[in-house]
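Report on the structure given below.
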Amino acid sequence: MSAVFTSTVALAGPASADAVHASVNRSTMSVQQQGKQCAERAAGRGTPNNFECTVVTSTDSALPTTDSPVDTNAASMPLATRRTGGDATPQAISPACLLGVSNPYRTISCSTKNWTVTHYREVNGVKTPVGTIDLRIRSSVDFQEGQGSTPAWDLDVEVTVTKTWGTLQAGTSANSWTGCFGHQDKCTTSRLGGSNDENEPVALTPNAQVNKWYTQYSASMLNNQVLPLTGNLGSALELTTPANPVTIADHYSNTLWGRCDNMGSNRYGSGCVDDKGVAFVMYSTIDNPKVEQVADHVYDAIRTLPSHWGRPYAGKPLTRLTDEAAIDANRRIACGSGTPPSCDEYPLASSYEGGNGAAPGDRSTRTVTIEANNSQGGITIAYFDYYRVLDKDEFYVQAIKKDGSRAW
């Protein structure tokens, strides 16, 4: 048996962006493709009928996404109290990830995936497993408000060795890095406040739990630029195993969603969100008495229109529209001249469902005061900015009446 099959020399990990790309390519291959590579290497050594191979597979699907809120009470919280679902203590998976979905909030993304590394021997076409190590990788991203041109977030990673057997009974060593490594056009990792660095060695011994915390920053963005992060959020491991090293690029396969933008009109400046997370707009008479007439109208419209626009579960989300000419056209279609006392339309003119986007029997208008309409406009933009709702992003609408009644 060739010594290469049982080598346990620790690897240095990826040293360049090219190495990272190669590792990702290996980890996303099917078992058949990984096995074919082993067979080709064996053929090159002159041992095509007798060789060993180590392959990696994901043993389950990632956390599901949800297109409805997981906590309806969150849609009744004013903006000032909303940033409460994150991870206040670094080096711990966000508590919001206990809700069991990948996108519990607009500022938090979660992932859990199980991986199995299998070492087998193949003799005359017959494969015999001789060792395995099973890992569970949990991750969470907590996005923060943008600061200038460099929005930041925390990435927490928890790697648990759940089972070892055979040639991998004692576990193995590995190197850990993240999907930002080698991708400075997307994001970078900094070692601040005790956070971890890229390309660090870890020991994956039986029942071990390895925790990593990374402080990361988006790449610089031009004005009005949108920067997708999905595929670069999360961790990777290169394991030293019998036969050949294997790479688990969890960041490439998980459900950590993220998107940054640098929209010049956003009052928060540049920033990032989980773009799969649910966004809200809320008109609360309790928090904003001036908006009472609009809140009453939206409350009635959500409950009575056939499509229940803006209502989760039994209704349909709205979709943001940013083209000002199209928004004005929606208002004219719904309200005509709109002279004072002003007209309030629902679905919102600033949605693709406004105007003719909804059927005549599936939209509503009501005369309200200019004060109420102006208050609604400021509130709507505030929520769009806070949740970084871009053109064609979906969102829901909550309306709360003076007596505390909620539209849903």
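The values are calculated or read from the model by the stated rules, or taken from the named source; none is laboratory data. This structure is a prediction, so every number in the text was calculated from the model and none was measured. All Cβ positions, even for glycine, are placed from backbone atoms using ideal geometry, and neighbour counts span all protein chains on display. The protein model used for the area step is the full one, side chains on, heavy atoms only, and it has no ligands, DNA or RNA in it. Shrake-Rupley method; radii C 1.70, N 1.55, O 1.52, S 1.80 Å.
Per residue, the accessible area of the range 116-225 comes to 43 Å² when a 1.4 Å probe rolls over the protein heavy atoms. Here the gap between N207 and V226, fully extended at 0.36 nm per residue and compared with their Cα-Cα distance, gives a gain of 2.7 nm. Computed from Cα atoms, the angle from the helix 31-45 axis to the main principal axis of the chain rounds to 30 degrees. Could you work out how far helix 324-335 tilts from the main Cα principal axis of the chain, as a 0 to 90 degree angle to the nearest 10? Tilt relative to the chain: about 50 degrees. DSSP beta bridges confined to the chain are antiparallel in about 95 percent of cases. Hey, how many Å between the Cα centroid of the range 353-403 and the Cα centroid of the range 180-218? The range 353-403 and the range 180-218 have Cα centres spaced 41 Å from each other. Surface analysis of the range 305-344 yields an accessible area of 52 Å² per residue, using protein heavy atoms and a 1.4 Å probe. Close amide H pairs (under 5 Å, H built 1.01 Å from N) link Q398 with V281, M282, Y283, residues at least 5 positions away or on another chain. Distance between the 7 Å Cα→Cβ label points at Q184 and A329: 4.5 nm. Among 43-55, 113-125, sorting by the average number of other beta carbon atoms lying within 10 angstrom of each residue, highest first, gives 113-125, 43-55. For the chain, the longest principal axis of the Cα atoms and the long axis of helix 292-304 meet at an angle of about 60 degrees. The residues packed around A326, meaning those with a beta-carbon under 14 Å from its beta-carbon, carry a net charge of -2 if Lys and Arg are +1 and Asp and Glu are -1.
Too long at a 27 Å Cα-Cα cut-off: which of K36/K276; K186/K276; K113/K316; K276/K402; K212/K276?
Details: K36/K276 37 Å; K186/K276 18 Å; K113/K316 31 Å; K276/K402 32 Å; K212/K276 24 Å.
Cα-Cα > 27 Å for K36/K276; K113/K316; K276/K402; rest within.
Please say if the chain is rounded, prolate or oblate, where rounded means a/c under 1.5 for a ≥ b ≥ c the square roots of the C-alpha gyration tensor eigenvalues, and otherwise the choice is prolate for a/b larger than b/c and oblate otherwise?
Numbers: a/c = 2.81, a/b = 2.58, b/c = 1.09.
Because a/c hits 1.5 or more and a/b exceeds b/c, the chain counts as prolate.
Once you order the gyration tensor axes a ≥ b ≥ c over the Cα atoms, which shape class does the range 114-252 get: rounded for a/c under 1.5, otherwise prolate or oblate by comparing a/b with b/c? It comes out prolate by the Cα gyration axes. Each of the peptides 30-37, 104-111, 311-318 was scored by the mean count of other Cβ atoms within 10 Å over its residues; in descending order, highest first, they stand as 104-111, 311-318, 30-37.
For the range 362-373, backbone phi angles converted through the Karplus equation (6.51, -1.76, 1.60; θ = phi - 60°) give residue-by-residue couplings of 10, 9, 9, 9, 7, 7, 10, 6, 4, 4, 5, 5 Hz, Gly and Pro being listed as x. Rounded, prolate or oblate for the range 313-408? Axes are the square roots of the Cα gyration tensor eigenvalues, ordered a ≥ b ≥ c, and the cut-off for rounded is a/c under 1.5. Judged from the Cα gyration tensor, the range 313-408 comes out rounded (a/c under 1.5).
If we sort 170-179, 261-270 on the protection proxy, mean other Cβ atoms within 10 Å, highest first, what's the order? Don't jump to the answer; show the numbers that get you there.
On the way: 170-179: 22.3, 261-270: 16.3.
So the peptides 170-179, 261-270, ranked by packing, come out 170-179, 261-270.
Were the residues from Q32 through R303 laid out at 0.36 nm apart, the gain over their Cα-Cα distance would be 92.2 nm.
Carbon-plus-sulfur fraction of the accessible area of the range 181-314, 1.4 Å probe, in percent? Please list the in-between numbers first.
Details: 2480 of 5200 Å².
Result for the range 181-314: 48 percent of the exposed heavy-atom area is carbon or sulfur.
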